[in-house]
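What follows is a single structure, written as C-alpha cells, with notes after it.
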Amino acid sequence: MRFVLTFLLLLTGSLAQATDRFEPPVPPGPVPVGFRVVQQYDQARPFPGESSLATGRPVQTLVWYPASRSGRAMRYRDYLALIGTELDFSRDRETAHAAADAFIKSEYLSESGPRQGRRALDGPVRARRDAAAAGGSFPVLIYAPSISAPAGENPDLCEYLASHGYIVIASPSVGPRSREMPNDLEGAETHAADISFLITYARSLPHADAGRVGVIGYSWGGIANVLAAARDSRIKALVNLDGSVRYYPELMAAAGYVAPERFTTPMLYVAARPLDIETLATRGKPAASFLNEMKHADFYKLTVYPMEHFAFSSTYLRFASSPRFNQYPRSEVNRAHGWTTMYAKRFLDAYLKNDGAARAYLSARPTAHGIPAYAATMEVRPAAAPQRPAGLGLSTQVLP
C-alpha cells in the first residue's frame, strides 16, 4: 500500500510539472535554423538613449534564417538575455546580464514562480547561434512585438517560419524617447518606422528576397504593421495576432493616411476569444471597425476560442501561471497556439510564395484541418473588385 501511495505521489508531481511546461506545439519545417544579432542604429532618427556612443535610434536586430547544420546550440534564456543590451550596445557582459535578469525576474518569474521559470529559461530552442546561412533566396518577414516587449517575445514562431524557408527579422518595441512605448499615435508610428527600417536592412542580406515582404504584428505590433503597410508599398502581406488595429479605432481614425477603403494589403487577423458585451461597454471605445471597413484587400479572420490575448506569445505561455488558464486548460491553449502558427504559415505561403494549396487551406473550414468545431471559425472576405457593379461583390463566408 505504501508503494502504491508513493507511486501515485510521484506520478502526480510529474504531471504537475508537465502541465506548466510549454513545448512548441507544431513540428519544425525541413530547414535548419540559424540565429544572429545585429546591433545597429537608425541614424535618421534621434534618440536620447543610454549610451554616449549612440548616433541615432538603437535598433537591436534579431535575425532567424534558413541555415546549414552548424552554429552553437542555444537555450531560451539566450533570447531573453538580449534585453540587457536593447538600448546600450556598449554594456559589458556583467552589466547587460544584470539588467536582463532584473527584467526577467520582474516581468516573467513574478508570474511563473522560480521552478517553472527555471525550466522555461533552461529549455532548448531550435535555432543555432551564428550558423552558416543556407543558399537560396527567401521571403522576408518582419515580426513586430507587443507594446514595450523585447524582440525575442515570440521566438518559437520565428524559428518555425525560418524552418520553412523565411528570413525573419525583429527588433524591440521601444518608444520614441525612452524604452517604454506609449500607447498613442506617436508610439504606433514609431513602431511602424522601425518596421520599415528593418525592411530596408533586409536588402543588405544576400539571401533575402526584398520583393516578397510580410509583417507579423502581435498586439501593439498589430497596429504598427497596418500603419507601416499604408505608407510602405514593399509590404505585401500582413498577419495580425490579436492586433491592436481592432482595439484602438480612435488611433486609426487619427492616422488619416490609412483610410480602410484605400487599404489593399492582404491580411490574416487571428482573433482571441471575443469579449462579452458587458466588458466592451466598459471600454468606452468608438464603434468604428477598420477591419469591417476594409473592402479592397483579401481578408481572413480566424477566431480561436481557447486563445486569450496573452496566449499569442510563446514567451508568455512559458511563464504563465495556472490561474491564467481559467476557462480552457493549458494543454488546449497550447494546442490552439499551434493552430495560430500553422495558419500564419499558410497565409504567408499563399501571398509570398504564391502557393495555391495554401490558399485552399485558408478557404476550407477549420474542421477540415482537425480543429474541433467549438474551437475556431474562419471568416473569408475576398477583395472587392473596384470595377464590379454594386450588388455583385463577393460575399463574406464564415466557416465554422
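All of the numbers you see were taken from the coordinates with simple rules; none came from a lab. All values reported here derive from a predicted model rather than from experimental measurement. Note: ideal-geometry Cβ built from the backbone for every residue, glycine included; neighbour counts use all protein chains shown.
A compact table of results
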read-out	value
Spin-label pair E250/S321, simplified geometry with 7 Å Cα→Cβ offset, distance in nm	3.2 nm
Pair Y257, D92: separation of 7 Å Cα→Cβ label points (nm)	4.4 nm
For a label point 7 Å along the Cα-to-beta-carbon line of N292, residues of region 229-248 with backbone N under 18 Å	243-248
Distant-in-sequence amide H partners of E379 (H built 1.01 Å from N, under 5 Å)	K301, L302, T303, L399
Farthest toward positive dipole pole in the chain [+1 Lys/Arg, -1 Asp/Glu at C-beta], among S110, G370, V168	G370
Per-residue ³J(HN,Hα) for region 126-133, Karplus 6.51 cos²θ - 1.76 cosθ + 1.60, θ = phi - 60°, Hz, x for Gly and Pro	7, 6, 10, 5, 6, 5, 5, 6
Unit charges on C-beta of K, R, D, E only; dipole of the chain, Debye	960 debye
Using distinct alpha-carbon pairs, which all enter the 1/r mean, Kirkwood radius of the chain in Å	21.9 Å
Ordering of 314-327, 90-103, 238-251 by burial proxy (mean other Cβ atoms within 10 Å per residue, highest first)	238-251, 314-327, 90-103
Protection proxy ranking, peptides 104-115, 75-86, 129-140, average beta carbon neighbours within 10 Å, highest first	75-86, 129-140, 104-115
Phi-based couplings in Hz for region 262-275 (Karplus 6.51, -1.76, 1.60; Gly and Pro marked x)	10, 7, 10, 7, x, 9, 10, 10, 9, 9, 6, 3, x, 6
Residue (of S204, S314, A336) at the positive-pole extreme of the chain, dipole from beta-carbon charges	A336
Placed amide H near A67: partners under 5 Å, 5+ positions off or other chain	V33, G34, A134
Residue of G152, G217, G338 that the Gaussian network model of the chain assigns the largest fluctuation, springs spanning Cα pairs under 10 Å	G338
Rg and Dmax of region 87-213, Cα atoms only, in Å	16.5, 45
Debye intensity ratio in log₁₀ form over the Cα atoms of region 225-356, taken at each q of 0.09, 0.15, 0.20 Å⁻¹	-0.30, -0.82, -1.23
Listed pairs K301/K353; K236/K301; K105/K345 exceeding 29 Å between Cα atoms	K105/K345
Eligible aspartates and glutamates near K295 by straight Cα distance, threshold 13 Å, same-chain separation 8 or greater	E261
Nonlocal amide H pairs with D209, under 5 Å, H built at 1.01 Å	F138, V140
